[in-house]
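*Asks:* Just dropping this structure here.
The values are calculated or read from the model by the stated rules, or taken from the named source; none is laboratory data. Because the structure is predicted, anything quoted here is derived from the model rather than measured. Neighbour counts are summed over all protein chains in view; Cβ atoms, including those assigned to glycine, are modelled from backbone coordinates with ideal geometry.
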């Protein structure tokens, strides 16, 4: 496109993102994630001609299905959930790459049969034995599936690359606290090397999240101001309009702290706060993220009891429709003390961010679905334009919109036309859709290609997982001490409880959401 310099991160790192020929094996292939996200993503890559012609998908689950039944089910779900116009002819060409294998996770013979089928498939296709195992299963099955793959000779830990590669992708949640995360890491590392394990967080596959690296480190106008000298505070908001839906049984055991804060929000925080990596290589980027997590000021349990805002949504309206409160959702314990909203202040004790608070909030049944990062800069001195009668001025803001309207906006002061000296806050806006005129790739499309190419930059390393849980686990412990106290309520369709507004107002700030 004229005026746009197009240089991809893959070009910078020198890595291929086609992955070559491989077999994607999806465990839990009859489940919701496969139908809503994984197969639509693979089909999207196929339509964009980003898959090798020999790439094949094998579904593995307990449900009894024939290959044709599997294909028909996925055709219906892909047509429903894909954001692309439906192309029946393309699907007919793609469907031949889909096969199904009925099996149980606790039956060794089913994994032995899976190996035989994979070996037969790669021989028929005349391709290397490259296997990408995707664990779209409940987290308690991760270790079992990894062990079964190893016992069946499919993990090839430390194996010769000339024989083909094996990699394993795990979904969140990765543990429920620090102890369980360490245990799960240890169990997976008994069967796969760290370089073979890809812990996915789909937020990291979003274009705007990746653009944080470009925004910060490819623009000399931003990086010199990206520190305590110029930044007043940072806000990270992850808001959802939906309730718990069909996930009530999982969510009521998890809550916003585990479901959103420990993974998605910690990853966004790291990308905002990290130091420049030496290169864009996976380890260099992830090393800097871990440094941020280790610099987080601990929030001990007794402070978390009263310094972390937790709440549940009550009945209200979303988009003009009445919705029930959390305690009235099907599958939720009517005495549940699980939070659907959390807000807290985080401090990073390093040179760059000394004294700069980071305010994080996330919740369900909020007015808008939005994920964004707000950098609020320090006010100018209270002379000239920031003193009465012209001041106080609105602060300068840099807002990074992760979803749904991906883009960046910058607010600054300009003079209004006329004889009088009057200022006006103007927002300069950049939109991905308007500039590039095409859809941004789905996060799972990018992440599946990266995993197939062996590029772990956008995936979570074991020490990063444990560092995040080291920070979050004491907060969970403090919240558990208040489990018998009824949580504050906020009406569905509002921006959360008043306690969250008080949290940030106590330091002279307010929550900001882009128009």
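*Asks:* Applying the selection to segment 325-357, what residues are out of contact with any helix residue (DSSP H, G or I) (no Cβ under 7 Å at 6 or more places or on another chain), assigned to a loop (DSSP other than H, G, I, E, B), closer than 21 Å to residue 257 by Cβ and at pLDDT 95 or above?
*Replies:* The one that is out of contact with any helix residue (DSSP H, G or I) (no Cβ under 7 Å at 6 or more places or on another chain), assigned to a loop (DSSP other than H, G, I, E, B), closer than 21 Å to residue 257 by Cβ and at pLDDT 95 or above: 325.
*Asks:* Do we find that residue 258 is within 14 Å of the chain's Cα centre (by Cα) and either closer than 18 Å to residue 462 by Cα or assigned to a strand (DSSP E or B) (or both) in this structure?
*Replies:* Details: within 14 Å of the chain's Cα centre (by Cα): yes; either closer than 18 Å to residue 462 by Cα or assigned to a strand (DSSP E or B) (or both): yes.
The answer is yes for residue 258.
*Asks:* From the list 84, 71, 93, exactly one residue is closer than 25 Å to residue 20 by Cα, touching a strand residue (DSSP E or B) at 6+ places or on another chain (Cβ under 6 Å) and assigned by TED's automatic domain parsing to the domain that holds residue 110. Which is it? It would help to see each step written out before you state the result.
*Replies:* Values: 84 fails: touching a strand residue (DSSP E or B) at 6+ places or on another chain (Cβ under 6 Å); 93 fails: touching a strand residue (DSSP E or B) at 6+ places or on another chain (Cβ under 6 Å).
One residue alone meets the criteria, 71.
*Asks:* Given the criteria within 22 Å of residue 76 (Cα to Cα), in contact with a helix residue (DSSP H, G or I) (Cβ under 8 Å, 6 or more places away or on another chain) and at pLDDT 90 or above, does residue 46 qualify? Can you show your working first?
*Replies:* Numbers: within 22 Å of residue 76 (Cα to Cα): yes; in contact with a helix residue (DSSP H, G or I) (Cβ under 8 Å, 6 or more places away or on another chain): yes; at pLDDT 90 or above: yes.
Judged against the criteria, residue 46 is a match.
*Asks:* Scan segment 216-233 and tell me whether some residue there is within 20 Å of residue 488 (Cβ to Cβ) and modelled with pLDDT of 90 or more. Write out each step before concluding.
*Replies:* We begin by selecting, within segment 216-233, every residue within 20 Å of residue 488 (Cβ to Cβ); these are none.
The answer is no; no qualifying residue exists.
*Asks:* Do we have any residue at all in segment 179-192 that's closer than 19 Å to residue 23 by Cα, surrounded by 14 or more Cβ atoms within 10 Å (Cβ to Cβ) and in contact with a strand residue (DSSP E or B) (Cβ under 9 Å, 6 or more places away or on another chain)?
*Replies:* If we filter segment 179-192 for residues that are closer than 19 Å to residue 23 by Cα, which is where we start, we get 192.
Right, trim to surrounded by 14 or more Cβ atoms within 10 Å (Cβ to Cβ) and you get 192.
Now drop any that are not in contact with a strand residue (DSSP E or B) (Cβ under 9 Å, 6 or more places away or on another chain), which leaves 192.
Yes, segment 179-192 has at least one match.
To keep it simple, each residue is scored yes or no on (1) surrounded by 21 or more Cβ atoms within 10 Å (Cβ to Cβ); (2) in contact (Cβ under 8 Å) with a residue 12 or more places away in the chain.
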position	(1), (2)
273	yes, yes
281	no, yes
284	no, no
287	no, no
336	no, yes
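*Asks:* Let me ask something else about it. Is there a residue being over 26 Å from the mean Cα position of the chain (by Cα), outside the structural domain of residue 107 (by TED's automatic domain parsing) and free of Cβ contacts under 8 Å to residues at least 60 places away in the same chain anywhere in segment 163-182?
*Replies:* Looking through segment 163-182, none of the residues is over 26 Å from the mean Cα position of the chain (by Cα), outside the structural domain of residue 107 (by TED's automatic domain parsing) and free of Cβ contacts under 8 Å to residues at least 60 places away in the same chain.
*Asks:* Which members of segment 217-253 meet the condition of being buried (at least 18 other Cβ atoms within 10 Å of the Cβ), over 19 Å from residue 514 (Cα atoms) and in contact with a helix residue (DSSP H, G or I) (Cβ under 8 Å, 6 or more places away or on another chain)?
*Replies:* Those that are buried (at least 18 other Cβ atoms within 10 Å of the Cβ), over 19 Å from residue 514 (Cα atoms) and in contact with a helix residue (DSSP H, G or I) (Cβ under 8 Å, 6 or more places away or on another chain): 226, 243, 244, 251.
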